[in-house]
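Asks: Got a structure here, written out as structure tokens. Questions coming.
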Amino acid sequence: MLKTQANENSRLFGEIDQMVEITVEGNKYSVPKDLELLRCFQYLEFKIAFENFCWNASCENCAANVKLPGKTYERTLCCQESSVEGLDVEKLPEGIEK
């Protein structure tokens, strides 16, 4: 069973070479570097209403205010933005809960 879980994690998250710290709604989390934020939320085992999201930017349901290091908050699609050290998600999109 562990091998199956490892294969599934590799399929979803790729090879994890480095972790970065991001902030989500004021809480700090360690996630794989350069992973799309929607996948980061999945990695963190947040509760995700998968049927609400297209995962390819068509629906825009994953929009959130995201701040990259050295910048201000901007409306960003979590399926398109990758995790970097110091990224801050002000509020999770509707359909995703910690």
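The numbers here are math on the coordinates, done by the rules we state, and not lab data. Model, not experiment: these values are computed from the prediction. Quick reminder, even Gly has a Cβ in these numbers, built from the backbone with ideal geometry, and neighbours come from all protein chains shown.
Asks: For the chain, what does the relative contact order come out to in percent, with C-alpha contacts under 8 Å and a separation of six or more?
Replies: 33
Asks: Using a 4.7 Å Cβ cut-off, which Cys residues in the chain lack a partner cysteine?
Replies: Cysteines lacking a close Cβ partner in the chain: 40, 79.
Asks: Could the peptides 20-29, 50-59, 87-96 be put in order, highest first, of the mean number of other beta-carbon atoms found within 10 Å of their residues?
Replies: So the order, starting with the most tightly packed, is 87-96, 20-29, 50-59.
Asks: Starting from the Cα of residue 67, draw a straight line to each of the lysines and keep only those under 28 Å, dropping any in the same chain fewer than 8 residues away.
Replies: Result set, ordered by chain and number: 28, 33, 47, 91, 98.
Asks: Sort 77, 37 so the one with the fewest other Cβ atoms within 10 Å of its own Cβ comes first.
Replies: By the 10 Å Cβ count, ascending, the order reads 77, 37.
Asks: Can you give the calculated 222 nm mean residue ellipticity of the chain, where each DSSP H run of n ≥ 4 adds -39,500 (n - 2.57) and the sum is split over every residue, rounded to the nearest 500 deg cm²/dmol?
Replies: Helices in the chain give a 222 nm mean residue ellipticity of -5500 deg cm²/dmol.
Asks: Next up: Does anything in segment 59-98 have its amide N under 13 Å from the 7 Å Cα→Cβ label point of residue 34, and if so which residues?
Replies: Flagged as within label range: 82-85.
Asks: Relative to the longest principal Cα axis of the chain, at what angle does helix 2-13 sit, 0 to 90 degrees, rounded to 10?
Replies: 30
Asks: Based on the Kirkwood radius over alpha-carbon pairs, what value in µm²/s does the Stokes-Einstein equation return for the translational diffusion coefficient of the chain at 4 °C and 1.567 mPa s?
Replies: 95
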